[in-house]
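Here's the structure we're looking at; comments come further down.
The values are calculated or read from the model by the stated rules, or taken from the named source; none is laboratory data. These numbers were taken from a predicted model, which means no experiment stands behind them. All Cβ positions, glycine included, derive from the backbone under ideal geometry; neighbour counts span all protein chains shown.
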Amino acid sequence: MGGFTPFSWLLKLHNFFKQLFWLYHAMLKVEFHSHTNYIQDTETDYGPKELIDHAVRNGYDVLCITEHYWPNSPIETYRRDPFRTYEDFRPYAEEKGILLIRATEFFFKEGEVLLINFNGDLGDVRELKDLERLPESVLKIVPHPFFLTSNCLGDKFVENIGLFDAVEHSFFYRKHFNLNRKAIRIAKERGIPLVGTSDLHNLRWMGYNYTLVDADKDPESIVRAVRGNKIKLVTQPLPWKVFLYATYFHSFKSPSKLLFKLIGEIRSRI
Ligand SMILES: [Fe+2]
C-alpha cells in the first residue's frame, strides 16, 4: 500500500508538473484502447456517450473505441461489425471536441491486435500475416502481449515482430506485480514505441496510463507520430482499490464470461 510520506508527495508533485510540461507542449492526449457496451453488451456498464463525456472531463483529445472483432467467435456479438460505434458516435464526439478514430481489437487465432485507423474491409483480414498487406495508414498495436491468457500474443509477438508498429503498456499493474515488464524490455531493445492505454472496461480505470502524441489532430498524423516514436508514455501504478476491482471485473464479475474464458484457455492449450 502506498505510504503517506513527504517523499511520495514530492514524487506526486514531480509527476504532476511533468504532465503539465508535456501538456504545455500541446501534445495530444490519446486513449488507444477502450470498449463500450454498444455492440458487446457485457463488455462494460457504460455506453459510448458516457465514455466520450468522461474522456472530455479527463482532458483527452483523441479516443479509439476498439470494440472487439472475433470472426470465428461462437458468440454472435463478437462477429458483429465493430465499427458501428465509430460510425454512430463520431458526430457526438466531434461536438464534444474529441477526435474519434476508426479502430478495433481484432482476435486472431494467435491473439489480439489493435488496428487503429482501419478504414478498409475486415473481410480482407483473416490471418496474422494479412497485416503485412494493410496500408501504412493503419497502426498495428499489440495489446497486453504477455498477460498469460490465450487472447495475448505472447511469444508470437516476438516471432512476428515485423508485422507490428507498437506495443501496449497496459494500465493493469502494481509496483510489484507488473506483466508489462517483458514488453517494456522488448520495446527498448527493438526500438518499438510503447503506447500507454487503459484497455477501458470501467470508467474509473481511465487516466492512470495514457499516451501523449506529438501530432496534428488527425488520424494519419497520429499514426505517423506513433510510428516515428514521437510519443510520451504517462503512467502510474493503479491504486489497490482499482487494481483489485479490475482483477475481479476480468474474472468473477461475470460467471458466464469466466466459464467462456476458461473453455477458451483449455482449448488453446490442447
Ligand atoms: Fe481490449
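Quick notes
- Test: residue 198 is within 16 Å of the ligand (Cβ to nearest atom), within 21 Å of residue 34 (Cβ to Cβ) and in a loop (DSSP other than H, G, I, E, B): yes
- Of all residues in segment 57-84, those that are of a type in the set (Val, Ile, Thr) and surrounded by fewer than 20 Cβ atoms within 10 Å (Cβ to Cβ) total 2.
- Subset of segment 111-133 [buried (at least 17 other Cβ atoms within 10 Å of the Cβ), more than 16 Å from the ligand (Cβ to nearest atom) and either in contact (Cβ under 8 Å) with a residue 40 or more places away in the chain or not in a helix (DSSP H, G or I) (or both)]: 117, 125
- The residues in segment 29-73 that are out of contact with any Phe, Trp or Tyr (no Cβ under 7 Å at 6 or more places or on another chain) and part of a helix (DSSP H, G or I) can be counted, and the count is 7.
- Filter result for residue 112 (more than 30 Å from residue 59 (Cβ to Cβ) and modelled with pLDDT of 95 or more): no
- Residues in segment 145-178 that are of a type in the set (D, E, K, R) and in contact with a strand residue (DSSP E or B) (Cβ under 8 Å, 6 or more places away or on another chain): 156, 165, 168.
- Meets criteria (surrounded by fewer than 22 Cβ atoms within 10 Å (Cβ to Cβ) and either more than 16 Å from the ligand (Cβ to nearest atom) or not small (Gly, Ala, Ser) (or both)) for residue 216: yes
- So residue 153, is it among the aliphatic types (A, V, I, L, M), surrounded by 23 or more Cβ atoms within 10 Å (Cβ to Cβ), in contact with an Asp or Glu (Cβ under 8 Å, 6 or more places away or on another chain) and over 29 Å from residue 216 (Cβ atoms): yes
- Scanning segment 74-107 for residues being more than 14 Å from the ligand (Cβ to nearest atom), farther than 16 Å from residue 30 by Cα and not in a helix (DSSP H, G or I) gives a total of 5.
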